[in-house]
Amino acid sequence: WPRAYHAGFSHGLNCAESSNFATPDWLPWGRMSVEAYRDSPGTRRPCFTHEALLITLACKARCLPPHVSCWVEPELRRLIEDEEAQLQQLRL
């Protein structure tokens, strides 16, 4: 996850474990990384879907603490606006 935290452990030739995590205030950074990948043709594709992360968080909104929800809501609105704009471009 761009600009997030990463921890890793590797032992020997065959065993490795890693974990990526971020706090809720990371969500705008995730969106910016998606935009950077999208705007730079020929670069590698993102290794995760930010959209799926936002939708998963939205589906679990009732279980989220308020301080997390306040970060998810504007990012989800931005996602919807971007999708609508891209759909409009396809219709032209």
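Things worth noting here:
- In this structure the chain gives 79 Å² per residue of accessible area when probed at 1.4 Å with all protein chains present.
- For the chain, the relative contact order comes to 22 percent (Cα pairs under 8 Å, sequence separation of at least 6).
- Residues of the stretch 52-74 with amide N under 13 Å of a point placed 7 Å along Cα→Cβ from residue 25: 68, 71
- On the beta carbon distance between residue 86 and residue 44, with R0 = 25 Å, the FRET formula returns roughly 0.75.
- Value of [θ]222 nm, deg cm²/dmol, for the chain, DSSP H segments ≥ 4, -39500 (n - 2.57) each, nearest 500: -17500 deg cm²/dmol
- Percentage of interatomic Cα-Cα distances in the chain larger than 23 Å: 37 percent
The values are calculated or read from the model by the stated rules, or taken from the named source; none is laboratory data. On a predicted model such as this, the values are computed, not experimentally measured, just so you know. Every residue, glycine as well, gets a Cβ built from its backbone with ideal geometry; the counts of neighbours run over all protein chains shown. With ligands, DNA and RNA removed, areas are computed over all heavy atoms of the protein, side chains included. Shrake-Rupley method; radii C 1.70, N 1.55, O 1.52, S 1.80 Å.
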